[in-house]
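Written below as structure tokens is the structure these notes are about.
Every number in this text was worked out from the coordinates using simple rules, so none of it is lab data. None of the values given here were measured: they were computed from a predicted structure. Heads up, the Cβs are rebuilt from the backbone with ideal geometry, glycines too, and the neighbour counts pull from every protein chain shown.
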Amino acid sequence: MEAKNNNTAVITMTELSTPLGPMLAGATSQGVCLLEFNNRIRLEKEFAELKKMLCAEMKPGRNQHLDQLEEELTEYFDGTRKTFSVALHTPGNEFSQTVWQSLLDIPYGKTISYKEQATLMKNPKAIRAIATTNGRNRLAIIIPCHRVIGSNGTMTGYAAGVDKKKWLLKFERDHSAIADGCLF
């Protein structure tokens, strides 16, 4: 964590257009630390927590990480990018880091249940803690928490709305089938 001093760290913020509406993106000098739909529940609380964790202030603008993110996000929505390579800055405790890393292991176009995620993490009794940590993911789409669904296949738990989660999953399934040479 960066120390707070006269040279307070800066989270550079910008808005990016997507087919699902505008998203707010933020990056430090280390990497992208925020990508959220602007209708995400408790967004202001998320901003406050991020600023506190990074001892930073938010300022509008652009940096190299935001430029790369915009390019990669455009490729994602064009159906040509399956994973992101932009540098990430994901403050959080060890458990959170492990949960978010496990989300990155879910293949594009696939889903798993919260129970399966807990089992894959070798922590089957931590389903609720894992689900809560998924909900604290500040990097929508990049760290694909939208790929986790209820054990019975229901679309649960997406802070920007289940409609966006359904859209992203359908989009990825459709583009996975095209990439695999399948039409259905």
Computed over the chain: relative contact order in percent, which uses C-alpha pairs under 8 Å that are six or more apart: 22
How would the range 35-76 be classified by its alpha-carbon gyration tensor: rounded, prolate or oblate, with rounded meaning a/c under 1.5 and the a/b versus b/c comparison settling the rest? oblate
Below 14 angstrom from the Cβ of LYS170, what's the summed charge of the other residues (Lys, Arg +1; Asp, Glu -1)? +3
Quick one: of the DSSP bridges fully inside the chain, what percent are antiparallel, nearest 5? 55
Of LYS82/LYS164; LYS52/LYS166; LYS52/LYS115; LYS59/LYS164; LYS45/LYS165; LYS110/LYS164, which pairs sit farther than 25 Å apart, going by alpha carbon to alpha carbon? LYS52/LYS166; LYS52/LYS115; LYS59/LYS164
Return the long-range amide H neighbours of LEU88 (sequence gap of 5 or more, or a different chain), with a cut-off of under 5 Å between placed amide H atoms. VAL32
Counting Lys and Arg as +1 and Asp and Glu as -1, each charge on the Cβ, what is the dipole of the chain about the Cα centre in debye, to the nearest 20? 760
Neighbour-limited loop hits for trypsin sites (Lys or Arg not before Pro), the range 12-64 (at most 14 other Cβ within 10 Å; DSSP other than H, G, I, E, B): ARG42, ARG62
Calculate how steeply helix 162-179 sits against the longest principal axis of the alpha-carbon atoms of the chain, using the helix alpha-carbon long axis, and give the answer as 0 to 90 degrees to the nearest 10. 60
